[in-house]
1. Which residues, taken from segment 157-170, are out of contact with any His (no Cβ under 6 Å at 6 or more places or on another chain) and modelled with pLDDT under 90?
2. Name the residue that is nearest to E8 (Cα to Cα), counting only residues in segment 117-139 that are under 9 Å from the mean Cα position of the chain (by Cα) and open to solvent by 20 Å² or more (accessible area, probe 1.4 Å).
3. Which one of these does I38 not meet: (1) modelled with pLDDT of 95 or more; (2) part of a helix (DSSP H, G or I)?
4. Could you give every pair whose Cβ atoms fall below 7 Å, whose first residue belongs to segment 56-81 and is hydroxyl-bearing (S, T, Y), and whose second residue is at pLDDT 95 or above and in a helix (DSSP H, G or I), counting only separations of at least 6 or pairs across chains?
5. Suppose we keep only residues that are assigned to a helix (DSSP H, G or I) and open to solvent by 80 Å² or more (accessible area, probe 1.4 Å) within segment 83-111. Which one would you say is farthest from Q18 (Cα to Cα)?
6. Would you confirm whether any residue within segment 14-27 is open to solvent by 70 Å² or more (accessible area, probe 1.4 Å), among the hydroxyl-bearing types (S, T, Y), closer than 28 Å to T159 by Cα and modelled with pLDDT of 95 or more?
Amino acid sequence: MSELARSEKLRWARRVSQLLVGLFLYGIAIALMVRAGIGVSPWDVLTQGLAKQTGLPFGLLTNLIGVVVLLLWIPIRQKPGVGTVLNVLLIGPSAQLGLWLIPQQTVPWVQAVVFAGGLALLAIATGLYIGARLGPGPRDGLMTGLHRRTGWKIWVVRTIIEVTVLTIGWILGGQVGVGTLLFALLIGPMVNVTLPLLNVPEKPATASTLASKEVTA
């Protein structure tokens with residue numbers, strides 16, 4: 001096996017393992033923030049509200065919401081990757097496992113610590129699974145797809161989506177609190193730090209490609 005082929009094989013193995021670890025940790029991070037009991041992200045407010053109204057497990061509803069969001073990709077002609085499909089399948093069970101392992105917190109300082117740990121873990125997990133470059137999550141893909149189809153600024157699309165799901169979730173009984181505000185303010189800057197650190201480099205150029213570029217130059 002050539003050095004280039006070996007390098008590509010190792011890079012692919014890193015991408016897949018990084019994706020799987022990132023998705024698992026993402027679910028655990030969600031569970032930590034839920035158990036902190038001081039508010040969760042807009043999408044998790046929606047999941048909590050639906051769980052309260054239907055009696056279905058949080059993890060299962062996370063999967064079902066992911067499937068519904070993925071179906072919304074069809075009219076906007078957004079194409080999923082393997083990471084997109086695994087996102088829909090794996091985060092729900094991971095979150096449910098975390099909810100089973102982590103007790104509900106009621107002491108204020110412990111709630112703050114657990115929420116902070118969950119938020120930090122979510123930023124790392126996001127950097128891992130997005131950095132693997134195997135396809136965006138269904139919610140991120142909906143946002144970028146609508147941005148591409150409508151021409152609206154990305155922050156406008158994200159705001160409309162998250163305010164909508166937050167409002168619906170709150171009406172259904174999901175928990176909105178200081179944690180929801182902290183998530184909205186901090187997750188962007190935190191992922192801005194983790195993503196460059198965890199991004200898998202692009203495929204290195206082959207010798208023939210480099211030679212072609214030199215000739216062109």
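The values are calculated or read from the model by the stated rules, or taken from the named source; none is laboratory data. All figures in this text were calculated on a predicted structure; none of them were measured in a lab. Quick reminder, even Gly has a Cβ in these numbers, built from the backbone with ideal geometry, and neighbours come from all protein chains shown. In case anyone asks, the SASA skips ligands and DNA or RNA and just uses the protein heavy atoms, side chains included. Shrake-Rupley method; radii C 1.70, N 1.55, O 1.52, S 1.80 Å.
1. R158, T159
2. Here the answer is I130.
3. Of everything listed in (1) modelled with pLDDT of 95 or more; (2) part of a helix (DSSP H, G or I), I38 misses just condition (2).
4. Hits for this filter: T62/T47; T62/I91; T62/G92; T62/A95.
5. Selected residue: P108.
6. No, because not a single residue in segment 14-27 is open to solvent by 70 Å² or more (accessible area, probe 1.4 Å), among the hydroxyl-bearing types (S, T, Y), closer than 28 Å to T159 by Cα and modelled with pLDDT of 95 or more.
Table: residues versus (1) surrounded by fewer than 12 Cβ atoms within 10 Å (Cβ to Cβ); (2) at pLDDT below 90; (3) touching a strand residue (DSSP E or B) at 6+ places or on another chain (Cβ under 9 Å).
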residue	(1), (2), (3)
W152	no, yes, no
L172	no, no, no
V178	no, no, no
F183	no, no, no
A211	yes, yes, no
